[in-house]
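I have placed the structure first, in the form of structure tokens, so that the comments after it can refer back to it.
The values are calculated or read from the model by the stated rules, or taken from the named source; none is laboratory data. All figures in this text were calculated on a predicted structure; none of them were measured in a lab. Here the Cβ positions follow ideal geometry from the backbone for every residue, glycine too, while neighbour counts run over all protein chains shown. Note: accessible area is taken over every heavy atom of the protein model, side chains too, but ligands, DNA and RNA are not part of it. Shrake-Rupley method; radii C 1.70, N 1.55, O 1.52, S 1.80 Å.
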Amino acid sequence: MTGQQVRDIVTDCQFEGDMKFMEPMSRHTSLKIGGPSDIFAIPENFASLGRLHDYLQKNDIALFPLGSGTNILVKDGGIQGAVICFSSFRKIEPAGEDGEYAYLSVDSGTVLQRLVMHSREQGYAGVEGLAGIPGTVGGAIWGNAGSFGYEIKDVLVSVDMMGAEGRIQKVRAEDIGFGYRKSGILPTDLLLRAELKLRKDKRDEVSARFENFLKAKREKQPIWESSAGCVFKNPEGLPAGKLIDEAGCKGMSIGDVAVSTIHANFFINRGKACAADFIRLMHEVAGRVSSTFGITLEPEIKIVGRDNGNG
Ligand code: EPU
């Protein structure tokens, strides 16, 4: 794809917003790793997003919806096609009440912690266990983010999604096919908005639970370092972090990627890490866990993009 082609797209679909060409994904991921995306689009409104979506599908250009890149590893060759960023869509609005429940309508680009703080201020219970999880509401729903026994699916009523031909459709939570850290939402379905159902509670009780969860997270996880959260899923009944730790991998490194010495299921970018080294370290760690315990670890982070010959 060339710069001229990108300018043509802006004109042809009357794009409103910001569109960049060959944008380094290392600027848009918490790991600070990732080669360039052909197109990086930040539509300003849903109508513009709809026209772009339609154009990309008709012209067979792949699209990749991006939250805030906190649970992905983008390979060194970057992302083919168009990355769509939802940062213009960040509204949280009341959507009614029903006895002891309050409903919120939340745009998918809303930072998850803004939702958590909003609920805390209002005294709404249900998302305080998500304290400290980075990323957007859309990304959290796509991957069914959770911690401390809380999962976002448990407070979700429905989502508005843009599918083929830019059509917007409401899908109920029970039809989304949620599982442990996953949903049935296709990568080509764009999540626009979600309706959430939260329980009205005492403000100081929600607040106290929030503080405890955040404190526990700060003590156990290196949340101040560049990472993508937990690298592997927890196998049935056994925490991956414990297995990696007991297999002797804490502190192991390849290039600038290291297994955290605080929590072994976090890999840290110490500076100039590349995706190829990250993937090599994943293989090395999974290999050690497999040979020590006979357990196969599965990635929790999503690995996306194209190789650039290094990996
Ligand atoms: N442990 C070790 N060594 C380590 C790390 C952990 O021995 O290096 C032990 C701990 O001592 C504890 C057990 O492993 O006994 C479990 O550790 P922890 O309580 O930290 O929870 P976890 O199972 O590792 C899960 C989620 C986290 C979530 C926390 C809190 C997964 C893969 N991990 O971690 O989610 O924040 O519970 O609820 O489901 C994420 O999804 O990115 C993530 C970090």
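Below are the figures for this structure:
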item	result
Projected label distance in nm at A47 and K182, using a 7 Å step from Cα toward the beta-carbon	3.9
Alpha-carbon centroid distance for the pair the stretch 133-147 / the stretch 236-250, whole angstrom	23
Rounded if a/c under 1.5, otherwise prolate or oblate - the stretch 5-145, Cα gyration tensor axes	oblate
Cα-based Kirkwood hydrodynamic radius, the chain, one decimal, Å	20.4
Full-stretch length increase - K91, R306 - with 0.36 nm per residue and alpha-carbon distance subtracted	74.1 nm
Farthest positive-ward along the chain dipole, Cα basis, beta-carbon charges - from P222, G17, G35	P222
Protection-proxy order for peptides 287-300, 146-159, each taking the mean of Cβ atoms within 10 Å per residue, highest first	146-159, 287-300
Relative contact order (percent, whole number), the chain, Cα cutoff 8 Å, 6+ residue spacing	18
222 nm mean residue ellipticity, helices alone, for the chain (DSSP H n ≥ 4; -39,500 (n - 2.57); rounded to 500)	-8500 deg cm²/dmol
Virtual spin-label span in nm between Q57 and D204, 7 Å along Cα→Cβ	5.3
Charge tally in the Cβ shell below 10 Å around F89, where Lys, Arg are +1 and Asp, Glu are -1, F89 excluded	+1
Other-chain or far-sequence residues with amide H under 5 Å of A125's (modelled H)	R199, K200, D201
Candidate lysines - alpha carbon under 29 Å from K242, same-chain residues fewer than 8 apart omitted	K32, K75, K153, K182, K215, K217, K220, K233, K250, K272, K302
Per principal axis, descending, Cα span of the stretch 140-179 in whole Å	39, 15, 13
Gap separating the Cα centres of the stretch 1-25 and the stretch 183-235, nearest whole Å	33
The chain - share of DSSP beta bridges that are antiparallel (%, nearest 5)	80
Calculated diffusion of the stretch 92-220, Stokes-Einstein form, Kirkwood radius summed over Cα pairs, 4 °C and 1.567 mPa s, µm²/s	88
Check: the stretch 168-311 dipole with +1 on Lys, Arg Cβ and -1 on Asp, Glu Cβ, in debye	480
Student exercise, the chain dipole from Lys, Arg, Asp, Glu Cβ charges, in Debye to nearest 20	640
Around V127: net Lys/Arg minus Asp/Glu count, Cβ-Cβ under 15 Å	+1
12 Å beta-carbon shell around K242, net charge (K/R +1, D/E -1)	0
Size of electric dipole in the stretch 240-304: Cβ of Lys, Arg +1 and of Asp, Glu -1, about Cα centre, debye, nearest 20	120
From the C-alpha gyration tensor of the stretch 3-85, square roots of 5λ in Å	22, 13, 11
Accessible area of the chain divided out per residue, in Å², using a probe of 1.4 angstrom	46
Global size of the stretch 240-304 as Cα Rg and Dmax, reported in angstrom	11.0, 33
Dipole of the chain [Lys/Arg +1, Asp/Glu -1 at C-beta], most positive-end residue of G143, L56, A95	G143
Cβ-Cβ FRET estimate between R167 and K233, R0 fixed at 41 Å, reported to 0.05	0.80
